[in-house]
Amino acid sequence: MKVIKIGDCRVSVGLCNLRCPYCVHLHEKTENMNVNEIVKRLEDCKSVYIGGAEPTVHGDLLDLLQELSKKGIEVTLKTDGLLPEKIMDSLPFVSKFVFEIKGDFEDIGSVMTLSGLNEKRAKKYVQNLLKSIKIAKKNKKKIRIWFRVIPEYIDEKRFRKMMEKIGKVDEILLYQFLSRADWDRAVEGFEKPEISFVKRLKEVAEEYADRVIVVGDGER
Ligand code: SF4
């Protein structure tokens with residue numbers, strides 16, 4: 001498995017099946033680690049967060065999940081949701097899924113820009129993302145929607161329409177696009193939204209989740 005960083009009961013892996021233009025992780029150095037090495041680094045944890053780039057593209061993800069489960073370690077898995085079959089396989093070993101969503105998934109043009117996919121694959125990605133969320137919901141897993149707020153691609157009306165499609169979830173995290181080298185690569189045409197705009201989306205998000213978290217300027 002290609003690992004970017006491991007520590008504090010979190011693993012960030014490399015590789016992704018999307019090509020978001022602002023992504024910092026696609027450009028980070030990775031280290032090859034086998035499942036045993038990773039588990040050894042995590043064995044004192046009660047729960048572990050696996051994110052990255054994209055964990056589901058790693059062929060040995062299931063082995064890692066199985067080994068963590070044998071040790072009684074609870075897992076939260078962050079994913080873009082493009083591979084519902086991997087979500088299905090991981091169900092026995094994952095207690096919470098974090099689905100990363102960028103922009104308005106009803107507008108294929110913006111999905112293409114924000115994910116770097118062509119039209120055909122962007123349409124498939126949206127279909128699969130909704131399928132993955134449905135699988136997690138049907139199997140009563142905890143769900144966090146992790147939403148990147150870029151003002152050109154979302155407003156309150158569009159956000160509500162999207163959330164209506166997803167339905168109620170446990171948590172929504174609204175992440176302010178920061179356009180800062182350590183968080184998001186600056187992209188021409190992508191402005192940093194005002195935190196007040198993110199907070200207006202928070203009011204909508206509260207209709208769909210028990211807990212809403214805002215991450216950005218002056219927030220956690
Ligand atoms: S889905 Fe996440 S990890 Fe993958 S390219 Fe986009 S921002 Fe990067």
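The values are calculated or read from the model by the stated rules, or taken from the named source; none is laboratory data. As the structure is a computational prediction, the values presented were derived from the model and not from experiment. All Cβ positions, glycine included, derive from the backbone under ideal geometry; neighbour counts span all protein chains shown.
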Determine whether residue 1 is away from the ligand (no atom under 14 Å from the Cβ), free of Cβ contacts under 8 Å to residues at least 60 places away in the same chain and either hydrophobic (A, V, I, L, M, F, W, C) or surrounded by fewer than 19 Cβ atoms within 10 Å (Cβ to Cβ) (or both). no
Among (1) within 16 Å of the ligand (Cβ to nearest atom); (2) β-branched (Val, Ile, Thr); (3) not in a loop (DSSP other than H, G, I, E, B), which single condition is residue 187 missing? (3)
With the condition kept exactly as written, say whether any residue in the stretch 59-68 is part of a helix (DSSP H, G or I), buried (at least 16 other Cβ atoms within 10 Å of the Cβ) and within 16 Å of the ligand (Cβ to nearest atom). yes
Is there a residue being hydroxyl-bearing (Ser, Thr, Tyr), under 30 Å from residue 157 (Cα atoms) and at pLDDT 95 or above anywhere in the stretch 23-45? no
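The rows are residues; the columns are (1) touching a residue at least 40 places away in the same chain (Cβ under 8 Å); (2) touching a helix residue (DSSP H, G or I) at 6+ places or on another chain (Cβ under 7 Å); (3) more than 25 Å from residue 56 (Cα to Cα); (4) crowded, with 17+ Cβ neighbours inside 10 Å.
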| site | (1), (2), (3), (4) |
| --- | --- |
| 133 | yes, yes, no, yes |
| 153 | yes, yes, yes, yes |
| 162 | yes, no, no, yes |
| 170 | yes, no, no, no |
| 174 | yes, yes, no, yes |
| 193 | yes, yes, yes, yes |
| 204 | yes, yes, yes, yes |
What number of residues in the stretch 4-47 are touching a Lys or Arg at 6+ places or on another chain (Cβ under 7 Å), in a strand (DSSP E or B) and more than 16 Å from the ligand (Cβ to nearest atom)? 2
Checked 72, 51, 81 against criteria (free of Cβ contacts under 8 Å to residues at least 40 places away in the same chain and either outside any helix (DSSP H, G or I) or more than 10 Å from the ligand (Cβ to nearest atom) (or both)); the one match is 72
Restricted to the stretch 102-131, and to residues that are more than 13 Å from the ligand (Cβ to nearest atom) and among the small types (Gly, Ala, Ser), which residue is farthest from the chain's Cα centre (by Cα)? 109
